[in-house]
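**Q** Would you mind keeping the following structure in view while I ask a few things?
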Amino acid sequence: MPQLGFGVWQVPDDEAEQVVTTALDAGYRSIDTAAIYENETGTGRALAASGLPREELFVTTKLWNTEQGYDSTLRAFDASLTKLGLDYVDLYLIHWPLPAKDAYVDTYRAFEKILADGRARAIGVSNFLPEHLERLIGETSVVPAVNQIELHPQLQQAATREAHARHGIATEAWSPLGQGKGLLEVPAIVAIARKHDRTPAQVVLRWHLQVGNVVIPKSVTPSRIRENIDVFDFELDAEDLAAVAALDEGHRLGPDPAEFNSGA
Ligand code: NAD
């Protein structure tokens, strides 16, 4: 899995083909979509039009909450694959645990079938808290390859990352730039950017890469799409990393997975 990919949340389907094409041209090979983003069709069109060999691409999509359950998951997966125009996805994720629905174990058993059938190369979860991971691992046979969680310098997620390390789960950061809201103006980030003659977004993405997170920044602006992947030719030093570590304030932008039950 490429450590840096491209997220397409909030990109309308009729713009997704162009936006994903810009990302592929800029060098991204990993694309993160979801059934609920309603842009799998446009995303799939860009993948097909790129002419890139399938094995060079890494495509992630996610099962929406309303479809949790064994049979409904199998049907929803078929629909996603058809919209994407693919024979397989590289990674399929349960979008939210939905504790009130209490169906993620059954849902994941359908994921294990999809994996065994070769229609997903890897399976995993999103927004799972350590307690959800422990239960899932205890009751099923395939350890999730990935847990995609909200993670940025103001929400560093130490406890969940520790659970990942214990089980060999990759940490994937959603909203890695804090949705561009405020984080990119934090003085410590701006100072590090000046020191390296880089942008605040590049500093934040570089921090993710150096602490071992998979990242999927989103932008629809071509110059920013290119800027966000241009992060492999500089390095933050120990002082920079310590300054970013000090920004953790446990501040969520999105819902708390313990309480989010939309579509349950
Ligand atoms: P992000 O942190 O990637 O921020 C994106 C926003 O930051 C852009 O809309 C833009 O306003 C700004 N931005 C981007 N590049 C910039 C730059 N170079 N300079 C200045 N501003 C810049 O936020 P996101 O879109 O929420 O998260 C990224 C991806 O994560 C999504 O597209 C989606 O694929 C995934 N995601 C998953 C979940 C989940 O529940 N699994 C939830 C949210 C997002």
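**Q** Compare the peptides 103-109, 7-13 by average per-residue count of other Cβ atoms within 10 angstrom and give them in order, highest first. Intermediate results must be reported in sequence, preceding the final value.
**A** Details: 103-109: 19.9, 7-13: 18.3.
With the highest mean Cβ count within 10 Å placed first, the list reads 103-109, 7-13.
**Q** Considering Cα pairs under 8 angstrom that are at least six residues apart, work out the relative contact order of the stretch 145-264 and quote it in whole percent. Could you put the intermediate results ahead of the total?
**A** Working: 142 pairs, mean separation 36.8, N = 120.
Answer for the stretch 145-264 is 31 percent.
**Q** Rounded, prolate or oblate: which fits the chain when a ≥ b ≥ c are the square roots of the eigenvalues of the alpha-carbon gyration tensor, with rounded for a/c under 1.5 and prolate only if a/b beats b/c?
**A** Details: a/c = 1.92, a/b = 1.27, b/c = 1.52.
Cα axes put the chain in the oblate bin.
**Q** Of the residues Arg161, Arg135, Arg121, which exhibits the maximal mean-square fluctuation in a Gaussian network model of the chain defined by a 10 Å Cα contact cut-off?
**A** With Cα springs under 10 Å in the chain, the top fluctuation among Arg161, Arg135, Arg121 is at Arg135.
**Q** Express the Stokes-Einstein translational diffusion coefficient of the stretch 1-121 in µm² s⁻¹, to the nearest whole number, given a Kirkwood radius over alpha-carbon pairs, 25 °C and a viscosity of 0.890 mPa s. Before the final figure, lay out the partial values.
**A** Numbers: Rh = 14.5 Å.
This corresponds to a translational diffusion coefficient of 170 µm²/s.
**Q** Among 183-193, 31-41, how do they line up from the highest to the lowest mean number of other beta-carbon atoms within 10 Å? Can you show the working numbers first?
**A** On the way: 183-193: 16.7, 31-41: 22.4.
Answer by packing, highest mean first, reads 31-41, 183-193.
**Q** Suppose each label sits 7 Å from its Cα in the direction of the beta carbon; what would the Arg121-Glu55 distance come out to in nanometres?
**A** Going from the Arg121 label point to the Glu55 one covers 0.9 nm.
**Q** Count the net charge of all other residues whose Cβ sits under 13 Å from the Cβ of Arg54, scoring Lys and Arg as +1 and Asp and Glu as -1. Don't skip to the answer; put the middle values down first.
**A** On the way: positive: Arg29, Arg121; negative: Glu55, Glu56, Asp87, Asp90.
Net charge in that neighbourhood comes out at -2.
**Q** What is the angle, in °, between the Cα long axis of helix 130-139 and the longest principal axis of the Cα atoms in the chain? Nearest 10 is fine, range 0 to 90.
**A** 30
**Q** Could you calculate the FRET efficiency of Glu162 with Ser72 from 1/(1 + (r/R0)^6), where r is the beta carbon distance between them and R0 is 35 Å, rounded to 0.05? It would help to have the intermediate numbers written out before the result.
**A** Working: r = 33 Å, r/R0 = 0.94.
Calculated value: 0.60.
**Q** Say the dipole of the chain comes from +1 at the beta carbon of Lys and Arg and -1 at that of Asp and Glu; which of Leu209, Gly180, Thr21 then lies farthest toward its positive end?
**A** Final value for the positive-end residue is Thr21.
**Q** Quick one: net charge around Pro217, please, counting Lys, Arg +1 and Asp, Glu -1 for every other residue with C-beta under 11 Å from its C-beta.
**A** Details: positive: Lys218, Arg224; negative: Asp32, Glu227.
Once all neighbours under 11 Å are counted, the net charge is 0.
**Q** Treating only the Cβ atoms of Lys and Arg (+1) and Asp and Glu (-1) as charged, compute the dipole magnitude of the chain about its Cα centre; round to the nearest 20 debye. Display every interim value, and only then the final one.
**A** Values: 23 positive and 38 negative charges, 22 e Å.
That gives a dipole near 100 debye.
Values in this text are rule-based calculations from the coordinates and carry no lab data. What you see is a predicted model; the values in this text were computed from it and never measured. Backbone-built Cβ (ideal geometry, glycine too); neighbour counts: all protein chains shown.
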